[in-house]
Amino acid sequence: MRKDIWKKKASIGVVAVQPFAKYLKFPNRLSGTNFEQFSEYAFAQRSYGISFSYRFGKLDFKDRKGNGDRGDDQRDGGENGFQ
């Protein structure tokens, strides 16, 4: 959840991952003719966090030359001649 503040110049956010489960569990059952095996992998997944971001100014992505800045991977034919 995120909320903009100070006339959308800043934002504060709150996140919760698996807030009600202490562990995230993955059970595995394997069986054959003469055996049966059960295992369970569990790891702590519960986490909480807050974030704050501030926008200092307006970003301007105008192309100065007017022809665009294309990298090598954007040219006709691509890398290694693949199209």
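Order 50-58, 5-13 from most to least packed using the mean count of other Cβ atoms within 10 Å.
With the highest mean Cβ count within 10 Å placed first, the list reads 5-13, 50-58.
Taking H as built 1.01 Å from N, whose amide H comes closer than 5 Å to the amide H of Arg46, not counting residues under 5 places away?
It is none; the list stays empty.
Taking the Cβ of Val15 as the centre, find all other residues whose Cβ is under 15 Å away and add up their charges (Lys, Arg: +1; Asp, Glu: -1). Please report the intermediate quantities before stating the final value.
Details: positive: Arg2, Lys3, Arg46; negative: none.
Value of the local net charge: +3.
Which lysines does Lys58 reach when only Cα atoms under 22 Å apart count, and residues fewer than 8 places away in its own chain are ignored?
Counting by Cα, and skipping residues close in sequence, Lys58 has these lysines nearby: Lys3, Lys7, Lys8, Lys9.
Along Cα→Cβ, 7 Å out, is where each label goes; now give me the distance between the ones at Ala44 and Ile5 in nm to one decimal.
Each label point lies 7 Å from its Cα, and together they span 2.9 nm.
None of the figures in this text is laboratory data; all of them are computed from the coordinates on show. Since we're looking at a predicted model, the values are computed, not measured. Ideal geometry is used to build each Cβ from the backbone, glycine not excepted, and the neighbour counts take in all protein chains shown.
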